[in-house]
Amino acid sequence: MNEDQTKPAQYLISTVSKRSGVKTDLIRAWERRYEAVTPSRTAGRQRVYTDQDIVRLKLLNQATSNGHSIGQIARLSLDELQSLLKKDTHTTKQSLEIVTQIRDGSRELAEEYLEKCFSAIVAFEATVLEGHCENAIAELGPMPFIEHLLMPLLNKIGESGQAGLLRPAHEHMATATFRSLAYILRTSTPCSKHAPRMVMSTPLGQLHEIDALLATIIAEFKGWHVIYLGANLPAEEIAAAAKYTRARAVVINISFRTDDHVINREIRRLNKLIGKDVALIAGGRATADYQAVLDEVGALRVQNHDHFKLILDGLRAQTSLHDSS
C-alpha cells in the first residue's frame, strides 16, 4: 500500500469493525486473502489498526456494496478508491434516470390496461378482464399494478356507479374477478413468520369487500401477516379472530353509509372487545361519515392508501420496540 500511515496503530479489530461497518471475520478474510489492510501487532499478538485502515475499509465496503469484486479493488490506493466511487455515483444517477423512464412507461402502459379493463367490465366479460389483469401484473409487477392500475380502476368503477353509468351487477362481477387475482398478488411476497398479525374484515351490514381486499394486499406488501375474514362480520367474530391470532391491529373497511346505527354500535363493540393493546383502524370511502364515533373510541381513520402505508409502518415500528423491550 502507498498511503503514509504516520499515525500509530491504536485500534483493536472490534473498534475498527464498528467504525468501518465491516464485520470482523470479513476484515480478517480481506486481510488474509487480499492484503486489503496490513495491521500491526502488539506484544500480545493482537491486531491493531490505524485511522487510514478504517478509511480504507469504509471505502472498500462501499465499493463492494456497489458490486465491485474485492479481489479487483483490494490493492487500490485511497485516491483510486474514491475515484471509483465517484464513477459509481455518476452511474447511479444514470440508472435513476433510466428507472424514471421505465416508471413513466409503466404508467402509460397501466393507462392502456385501464381502458381495456373498464371496457371488459362494461361488457360483463369477466374472462377478458381477468386476462388483462394477469397480463398487467406480469408486465408491471405487483405493486405498480396496484398503484397505477387497480386503484384508478376501482375509483373509476365507483364514480361510474354513482353517475349511473354502471349497474351494481358490474361492480359485483369486477369484485369476483379481483378476488381471484388477490391470491396471485398476495403470494408474490411471502410473509415472514415473525411478521406482526392483522385481522381484516368489513363490519356487519357492509357487503362490499373490494377495498378490504386491496387493503389486505397493501398490508402484506408492507410486511404484515393479514388474516382476511371477508365481509359482513359482527364485532364478536372479528374480535375473536384477533384474540386467537394475537393480532396487533384490526382493520375494518366501510364503503357505504347506512341509515341506521349499526355501524356506530359495531365500532364501539369491537373496540371494547379487542382491548387497548390492539390498534383499531378504519378505512374505506364512507369512513368520514363515522368520524365522530371513530374519534370517540380512538380509532385510526385511513385517509388514502399512502396514509394507510404510513400507519402500517408506524405500527410495525411500535411492535418492534414492544417485542424488543
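The values are calculated or read from the model by the stated rules, or taken from the named source; none is laboratory data. Everything quoted here is computed from the prediction, not taken from an experiment. Using ideal geometry, Cβ is built from the backbone for each residue, glycine included, and neighbour counts are taken over all protein chains shown. Areas reflect the complete protein model, heavy atoms only, side chains present, ligands, DNA and RNA absent. Shrake-Rupley method; radii C 1.70, N 1.55, O 1.52, S 1.80 Å.
Site-free segments of the chain were taken between chymotrypsin sites (Phe, Trp or Tyr not before Pro) in DSSP loops having at most 14 other Cβ atoms within 10 Å, sites themselves excluded; the longest one is 125-255.
A Förster radius of 30 Å combined with the Cβ-Cβ distance from K309 to S119 puts the calculated FRET efficiency at roughly 0.50. Relative to the longest principal axis of the Cα atoms of the chain, the long axis of helix 78-122 lies at roughly 10 degrees.
Across the chain, C-alpha contacts under 8 Å between residues 6 or more apart give a mean separation that, scaled by the residue count, equals a relative contact order of 10 percent.
Taking every Cα-Cα distance in segment 161-318 and sorting them into 10 Å bins from zero, the calculated P(r) comes out as 10, 42, 36, 11, 1 percent. Among V302, A242, A282, whose Cα projects farthest towards the positive end of the dipole of segment 228-325, with charges put on the beta-carbon of Lys, Arg (+1) and Asp, Glu (-1)? Comparing the listed Cα positions along the dipole, A242 ranks first.
Within the chain, the longest segment free of exposed loop sites, counting GluC sites (Glu not before Pro) that fall outside DSSP classes H, G, I, E and B and have at most 16 other Cβ atoms within 10 Å, spans 126-325.
Cα convex hull, the chain: 181 Å³ per residue, rounded to a whole number. Calculated on the alpha-carbon coordinates, the convex hull of segment 112-232 measures out at 94 cubic angstrom per residue. Each label was represented as a point 7 Å from its Cα along the Cα-to-Cβ direction; for Q162 and Q46 these points are 7.0 nm apart. If I compute solvent accessible area with a 1.4 Å probe over the protein chains, what percent of it on the chain is carbon and sulfur? Exposed carbon and sulfur together represent 50 percent of the surface. The shape of segment 116-174 comes out oblate: with a ≥ b ≥ c from the C-alpha gyration tensor, a/c is at least 1.5 while a/b does not beat b/c. Placing +1 on the Cβ of every Lys and Arg and -1 on the Cβ of every Asp and Glu, with no other charges, gives the chain a dipole of roughly 1760 debye about its Cα centre. For the chain, the longest principal axis of the C-alpha atoms and the axis of helix 126-140 are separated by about 20°. In this structure, the pairs whose alpha-carbon distance is over 21 Å, taken from K58/K86; K23/K86; K58/K222, are K23/K86; K58/K222.
Tilt of helix 151-162 relative to the longest C-alpha principal axis of the chain, in degrees (0 to 90, nearest 10)? Tilt of helix 151-162: around 20 degrees. Per residue, the chain exposes 56 Å² of accessible surface when a 1.4 Å probe is rolled over the protein heavy atoms with every protein chain present. Among the trypsin sites (Lys or Arg not before Pro) within segment 9-43, those in coil by DSSP and having at most 14 neighbouring Cβ atoms inside 10 Å are K23.
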